[in-house]
Amino acid sequence: MATCIWLRSCGARRLGSTFPGCRLRPRAGGLVPASGPAPGPAQLRCYAGGLAGLSAALLRTDSFVGGRWLPAAATFPVQDPASGAALGMVADCGVREARAAVRAAYEAFCRWREVSAKERSSLLRKWYNLMIQNKDDLARIITAESGKPLKEAHGEILYSAFFLEWFSEEARRVYGDIIYTPAKDRRALVLKQPVGVAAVITPWNFPSAMITRKVGAALAAGCTVVVKPAEDTPFSALALAELASQAGIPSGVYNVIPCSRKNAKEVGEAICTDPLVSKISFTGSTTTGKILLHHAANSVKRVSMELGGLAPFIVFDSANVDQAVAGAMASKFRNTGQTCVCSNQFLVQRGIHDAFVKAFAEAMKKNLRVGNGFEEGTTQGPLINEKAVEKVEKQVNDAVSKGATVVTGGKRHQLGKNFFEPTLLCNVTQDMLCTHEETFGPLAPVIKFDTEEEAIAIANAADVGLAGYFYSQDPAQIWRVAEQLEVGMVGVNEGLISSVECPFGGVKQSGLGREGSKYGIDEYLELKYVCYGGL
Ligand code: NAP
């Protein structure tokens, strides 16, 4: 029987009987690519195998508001970026649904804020346990909707779940203060109280972790949330809603309103300007972040902004080449170059330049394998869409036209329209696009430099500052450079720096606030000063 790929891999009978609200639609004529050539047989085999046995309860397509699954008047299609195949039709929420979700979140907030920290902690812990129990299915959902290699998707699910675990612990560690004032008959108290309803808008590149990093902290603090996931990846957000419900998180505390890109502007504006919303927490591009900051300004709301980066990766002459190459591979090619902390430009000192470029090219050829994310051994999946491929292609062509040399890669990959070859360029100069525009793809451009001052000047010329990496064996240089780099996070002889225990965030136009760590919960707490007199 011809059917949509999810129905085929999960079993239509299972879906139909256990989940009557499911709106995944069978398609006539079998698997229908949204556009472009049909996926090859090898891709289809791997994909179907990857989703076999997936829990139907997690495949939600309606919005989740006030603890109920609600369809919207319209739906939008979600596609597998590897094959272009339609995955399913998802509720396309509009302003009406957005306002209803805010109302539900506000009503829930009035009750959730009174729930004891211990109880909130316990519910978050149950949610975490359910994520771990369902980690294989959740990882498959990420691979299906984002194209991320399955091994990395498993990594994201653990990272994502750990935020719920971490904030279940932090929920019980919110302390106030007592201050002794000059007046003997008074004491000043500082209380910490939840901010209120948070509007949470997230990107497609970490469809699960970007939600729990915010929502874990928000719920721990006593806030409730309305989540608008990215158009490309709504399924992970909805699967999280199913698990939140199973965990016993009360109705209205976690709401999800998926919408198409066509509605994103209006829905974003509706939730970010609603008077019942007190906080906007956004992860995504700097351009969108600025729009949301305008919304926040008009109604004076608290904000957290996790925006784009342009991470420099500096290799000094004293560096260990093998270590630097391992770090470069990890920081550049994770999620096929589509993370905000991916190295964007490689600054390599003259004395070590040739050895580094040679070893980096060899490591790329040996270790990177482009393919469908479900295929065993794939390290580089597709980019999220063809627009993303065009951006990388444009940067490569621009660099080559201005004198850069292609060491390896350099063009679209034969596998399909969303694939690009892992690419290494040298002889790159600062007038090239790839050195001042976030790439978000598998392109590593190498600039040669002579002095430490020169490298720092190039790195700090960016108007964003999220992550930065450098490799050196000189302790004095390590302190100097770590302190001088204008970024929120520094990797010293290390290419992978994210962890729930550590503060994540940027400076300059990379954003405002920090997520994760002991600081993350503060983004969802207000300080209230109480002057207790007449003592
Ligand atoms: P994006 O275009 O800004 O989209 C992010 C989210 O904002 C999506 O849900 C999107 O919806 C929504 N959106 C777009 N326009 C909107 C508007 N006018 N009003 C309200 N919402 C709107 O970013 P992206 O291209 O998906 O994600 C990649 C960017 O995110 C990169 O710049 C990356 O560096 C950054 N990022 C930063 C971090 C961090 O922690 N600092 C982490 C991950 C990613 P649609 O999907 O429907 O367009």
Can you give the translational diffusion coefficient of the chain in µm²/s, computed by Stokes-Einstein from the Kirkwood radius over Cα pairs at 25 °C and 0.890 mPa s? 102 µm²/s
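For the chain, report the accessible area per residue in Å² (1.4 Å probe, heavy atoms, rounded to an integer). Don't jump to the answer; show the numbers that get you there.
Numbers: 20980 Å² over 535 residues.
That works out to 39 Å² per residue.
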Pairwise Cα inverse-distance average, inverted: Kirkwood Rh of the range 166-263 (Å): 15.3 Å
Over 20 Å apart: what share of the alpha carbon pairs of the range 98-213 falls there, rounded to a whole percent? 58 percent
About the Cα centre, charge dipole magnitude for the range 436-516 (Lys/Arg +1, Asp/Glu -1 at Cβ), debye: 140 debye
Taking the alpha-carbon centre of each part, the distance from the range 280-316 to the range 358-387 in Å is 29 Å
Under Karplus coefficients 6.51, -1.76 and 1.60, residue-wise ³J(HN,Hα) of the range 255-269 in Hz, glycine/proline x: 10, 10, 10, x, 7, 6, 4, 4, 9, 4, 4, 5, 5, x, 5
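Sorted by accessible area (1.4 Å probe), largest first, how do ASP398, ASP431 line up? Don't skip to the answer; put the middle values down first.
Details: ASP398 25, ASP431 85 Å².
I get ASP431, ASP398, largest accessible area first.
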Where does each of TYR106, TYR175, TYR471 land when they are ordered by accessible area, with a 1.4 Å probe and the largest first? TYR175, TYR106, TYR471
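What net charge do the residues around GLN193 carry, taking every other residue with its C-beta under 13 Å from that of GLN193, with Lys and Arg at +1 and Asp and Glu at -1? If you can, show how the numbers build up before the last one.
Values: positive: ARG113, LYS192, LYS279, ARG302, LYS528; negative: GLU114, ASP522, GLU526.
Counting the neighbours of GLN193, the net charge comes to +2.
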Along the three principal axes, how long is the range 61-306 when you take its alpha carbons, biggest first, rounded to the nearest angstrom? 73, 39, 32
Heavy atoms of THR339 accessible to a 1.4 Å probe, total area in Å² rounded to 10: 10 Å²
Add -39500 (n - 2.57) for each DSSP H run of 4 or more in the chain, then divide by its residues: what number comes out at 222 nm, to the nearest 500 deg cm²/dmol? -12500 deg cm²/dmol
Taking the highest mean first, how do the peptides 139-151, 159-171, 385-397 order by number of other beta carbon atoms within 10 angstrom per residue? 139-151, 159-171, 385-397
Report, for the chain, the % of DSSP beta bridges that are antiparallel, rounded to 5. 45 percent
Set of aspartates and glutamates with alpha-carbon distance to LYS508 below 12 Å, sequence-local pairs under 8 removed: GLU306, ASP463, GLU486
D_trans [Stokes-Einstein, Kirkwood Rh over alpha-carbon pairs] for the range 309-496, 20 °C, 1.002 mPa s, µm² s⁻¹: 132 µm²/s
Stokes-Einstein diffusion coefficient for the range 415-466 at 4 °C in a medium of 1.567 mPa s, Rh from the Kirkwood formula over Cα pairs: what value in µm²/s? 102 µm²/s
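Counting only protein heavy atoms and a 1.4 Å probe, tell me what percentage of the chain's accessible area is made up of carbon and sulfur. The partial results should precede the final answer.
Working: 11050 of 20980 Å².
Heavy-atom surface of the chain belonging to carbon and sulfur, 1.4 Å probe: 53 percent.
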Computed on Cα atoms, Rg of the range 270-384 relative to 2.2 N^0.38 Å comes out at 1.48
Among the aspartates and glutamates, which fall within straight-line cross-link reach of LYS394, defined as a Cα-Cα distance under 15 Å, with same-chain neighbours fewer than 8 residues apart omitted? GLU386, GLU421, ASP431, GLU437, GLU438
What does the net charge come to around GLY216 if you take all other residues with beta carbon closer than 9 Å to its beta carbon, with K and R at +1 and D and E at -1? 0
Would you kindly find the accessible area of ARG186, with a 1.4 Å probe and non-protein molecules such as ligands, DNA and RNA excluded, rounding to the nearest 10 Å²? 110 Å²
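The values are calculated or read from the model by the stated rules, or taken from the named source; none is laboratory data. All of these numbers come straight from a predicted model, not from anything done at the bench. Glycine gets a Cβ as well: all are built from the backbone with ideal geometry, and neighbour counts include every protein chain shown. Note: accessible area is taken over every heavy atom of the protein model, side chains too, but ligands, DNA and RNA are not part of it. Shrake-Rupley method; radii C 1.70, N 1.55, O 1.52, S 1.80 Å.
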